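The block underneath contains the structure these notes are about, expressed in structure tokens.
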Amino acid sequence: MSAFEPRVFSGVQPTGNLHLGNYLGAIKRFAALQDTHNCIYCVVDMHAITVWQDPAALQAAIREVASAYIAAGIDPKGSIIFNQSQVAGHAELAWVFNCIARMGWLNRMTQFKEKAGKNRENASAGLFVYPSLMAADILLYKGTHVPVGEDQKQHLELTRDIAAKFNNDYAERIAELGLGGEDGYFPMTEPLISGAATRVMSLRDGTKKMSKSDPSDLARINLTDDADTIAKKIRKAKTDTEPLPGDADGLKERPDAANLVGIYAALADVSVADVLKDHAGAQFSAFKPALADLAVAKLAPIADEMRRLKADPGFIEGILADGAGRADAIARPVMQGVKDIVGFLTTRK
Ligand code: AMP
Ligand code: TRP
């Protein structure tokens, strides 16, 4: 048994174009976890500026992610919703973790390689140390469980490596100060990557991830799309010419078909096997309208609520301020412990 209280932490970057992958891979599952866990959901604005963001657009995008959280069913009274830059501990702990993480570890991160592209020399230093900040986000609250999409798995492994090295490097000091038992000061965080849609693919190419930055808007369903747009994008989605198979094995080597079936399963909260049981032998001309109806039924109410919230920025900002206060109250003693452990002198008022 771990000595750590279970706590869920996750975050989404406010970088525009929230899409179905963000919803099914992350936000929908954030809402579901509230029934069983204490949850903290962050809008990670400090991560966003690792690549250039227009300031006014960034502020709008922060409100938009917070609205999506609420529209998807996260209760801002029970759970904590806040934006990262309002709690100073994230930057403070990230610095300590930059001194724990090794260059070699960060060099292996595939997201950095993808985002930096060919011109690495011109990438920001922030983009390189992005995973230290992510580890700090989680461990500032001693987060034990992190719901994310498949693409974040490597970052969570790094989070465990950082926690383990910190616990190990300072083991004696942690024991001396009575700040942790055998398990150390920080928990070994577990990723929660599960369900039929941990990696939602582009509607135009089933071998590519659905992404905010895809130049084709037809590649993704945005959380703000209206019913007609959702139906149109599904109608135009790439498929093959075969009917749907009777079981999941029949979807191997059929990435576009597998993607649409996975989306259906995740939206309907059923398994891929169940979807195929109901639709075996169906042509896409029949399956696509069924998927479009389901997607509209599930997503249109979220889009409506987001529009309603957008009209009242003061309300969202109030929630973020309240959340930041509550998050800070949890973070402060954890950060004070880190300062004592590493040997910083602090004057306690
Ligand atoms: P980001 O927009 O990069 O901050 O991602 C926010 C969350 O959405 C993370 O948990 C990602 O893993 C998840 N996510 C992003 N794209 C996808 C996708 N195509 N399929 C499933 N999850 C995704
Ligand atoms: N890196 C995550 C992404 O791109 C966002 C993120 C930042 C995050 N900090 C986090 C996710 C902490 C989970 C926990 O999607």
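Taking every C-alpha pair closer than 8 Å and separated by at least 6 residues, the mean separation divided by the residue count of the chain gives a relative contact order of 23 percent. Among the lysines of the stretch 217-308, pairs that are 8 or more positions apart or on different chains and have alpha carbons within less than 21 Å of each other number 12. The Cα center of the stretch 245-270 and the Cα center of the stretch 130-187 differ in position by 35 Å.
Between K209 and S202, the built amide H atoms are under 5 Å apart, and every one of these is 5 or more places off in sequence or on another chain. Packing, as the average of other Cβ atoms within 10 Å across residues, places the peptides 215-222, 51-58, 256-263 in the order 256-263, 215-222, 51-58, highest first.
Would you please put 238-249, 128-139, 2-13, 81-92 in order of how densely packed they are, using the mean number of other Cβ atoms within 10 angstrom per residue and starting with the highest?
On the way: 238-249: 14.2, 128-139: 24.2, 2-13: 18.5, 81-92: 20.5.
By packing density, highest mean first, the sequence is 128-139, 81-92, 2-13, 238-249.
Centre-to-centre separation between the Cα atoms of the stretch 59-91 and those of the stretch 317-334: 10 Å.
Bear in mind that the values in this text are calculations on the coordinates, not laboratory data. As the structure is a computational prediction, the values presented were derived from the model and not from experiment. Counting neighbours? That spans all protein chains shown, and the Cβs are built from the backbone with ideal geometry, glycine included.
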